[in-house]
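Okay, structure first, notes after.
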Amino acid sequence: MKGKRRLLPSGLIDDPVATKQRSLLRLLWVAYNRAVPPATLIENMALEHPGHYENKLKRLSMWLKADSPLGSALSHTPGVISEDDTLLIRCGADVASNEQALKFLIDHDHHPLVERSRPRIIHSIGYAILMLFIAMMILLFLGTFILPTLRQIVEELEIRPPAALMWLDWLINGLSGIWQLAIFLTMGFVFSLLFEDVRQFLKSRPIVRRLFHYSADEHAALLKLFAFPIGFQLSLAKTMTSAAQHHPNRTIRAKLLRVRNQSSDDAELWHSLARHRLIAPSEAQHLSQISDSGVLSWTLIQLANQKKTRTAFRRDRIIGVLQYLPVFFVAVPVIVSVLAIFMSLTSMVTL
């Protein structure tokens with residue numbers, strides 16, 4: 001069973017990765033809060049999650065045993081927690097402590113969005129694989145039974161083959177091997193989306209980022225990051241400098257560095273963020289007018305959650321549309337075969 005867990009995606013046989021990541025955050029907080037060596041607890045947690053996540057936990061434990069700071073160890077172990085949480089821990093340690101950063105993440109976890117999206121993703125992937133398999137079976141059936149019969153009828157009656165029959169012949173025989181390979185490759189790609197690491201890799205691709213609005217998630221994560229030092233009545237300058245060094249997105253790193261250099265105080269910082277399109281101008285206007293640090297921190301967290309919720313609904317709609325694209329693989333051969341049959345019958349009647 002352990003060997004199967006290593007081969008199959010966790011999306012099919014195990015808890016969601018987000019659930020494991022939240023468990024790890026709580027375990028790390030307990031370790032730092034009670035002064036327990038975190039590497040020991042992480043090794044024990046790895047025993048409870050055999051497979052891909054176990055390897056990541058063991059790698060994290062190895063870095064911590066080597067006296068690597070928690071933020072650096074997490075950065076060297078991508079996927080063990082989310083990139084946004086890793087960034088907050090790394091930047092938070094520069095202005096406060098690991099314990100405080102972990103407690104902040106646990107207290108302001110907006111996880112229902114992840115849980116709501118996961119069944120939709122699994123359902124869409126399963127639906128796409130099923131439709132592609134049906135399309136392959138239809139093409140095999142048409143090439144084995146329908147097309148030879150129609151071709152034989154046309155030859156015996158010595159009538160001109162209808163255009164639809166020629167299209168069907170080209171679709172099945174002219175593209176013989178190509179469509180089979182294309183369907184198999186597409187099915188393999190769709191199945192690979194069940195693996196969390198594959199989805200994380202695709203998130204960095206420009207077309208995927210633009211289609212699924214991942215930049216909006218990154219902007220929301222920045223608001224949550226800024227809420228951490230403000231909640232402790234600290235200046236944003238040091239957090240901004242740290243984020244400009246450690247943010248996983250190179251473009252955002254450059255923007256944050258320019259914002260840091262162009263801002264003399266926190267009030268001016270919001271307008272500089274708006275000029276670089278990291279927040280909306282209306283948001284900058286309202287945020288710059290809030291003087292109470294507790295209210296400002298709460299506002300940033302609520303705004304970040306709102307952005308994530310809006311993006312999640314948008315992404316669900318896109319996934320809902322994309323999951324029906326494989327229907328075209330089924331529809332095209334069926335439509336062409338129906339036209340070929342009816343046009344052949346019409347040619348026989350008018351003979």
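The values are calculated or read from the model by the stated rules, or taken from the named source; none is laboratory data. Remember, predicted model here, so these are calculated numbers, not experimental data. Backbone-built Cβ (ideal geometry, glycine too); neighbour counts: all protein chains shown.
Condition check ((1) in a helix (DSSP H, G or I); (2) surrounded by fewer than 22 Cβ atoms within 10 Å (Cβ to Cβ)) across all residues:
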residue	(1), (2)
R210	yes, yes
L222	yes, no
M240	yes, no
K255	yes, yes
R277	no, yes
H286	yes, yes
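Can you find a residue in the stretch 90-101 that is over 21 Å from the mean Cα position of the chain (by Cα), closer than 26 Å to T239 by Cα and not in a helix (DSSP H, G or I)? Scanning the stretch 90-101 turns up at least one residue that is over 21 Å from the mean Cα position of the chain (by Cα), closer than 26 Å to T239 by Cα and not in a helix (DSSP H, G or I). Quick one: would you say S72 is in a helix (DSSP H, G or I) and closer than 27 Å to E218 by Cα? It is true that S72 is in a helix (DSSP H, G or I) and closer than 27 Å to E218 by Cα.
Only one of L113, L57 is at pLDDT below 90 and either surrounded by 17 or more Cβ atoms within 10 Å (Cβ to Cβ) or not in a helix (DSSP H, G or I) (or both); which? Matching residue, one of L113, L57: L113.
One residue is enough: does the stretch 344-351 have a residue meeting the conditions closer than 27 Å to R160 by Cα, not in a helix (DSSP H, G or I) and not aromatic (F, W, Y)? Looking through the stretch 344-351, at least one residue is closer than 27 Å to R160 by Cα, not in a helix (DSSP H, G or I) and not aromatic (F, W, Y). The set of residues from the stretch 12-34 being outside any helix (DSSP H, G or I) and either touching a helix residue (DSSP H, G or I) at 6+ places or on another chain (Cβ under 6 Å) or modelled with pLDDT of 90 or more (or both) comprises P16, R34. I335 satisfies every condition listed in (1) out of contact with any Phe, Trp or Tyr (no Cβ under 9 Å at 6 or more places or on another chain); (2) modelled with pLDDT of 75 or more; (3) farther than 18 Å from P161 by Cα except (3).
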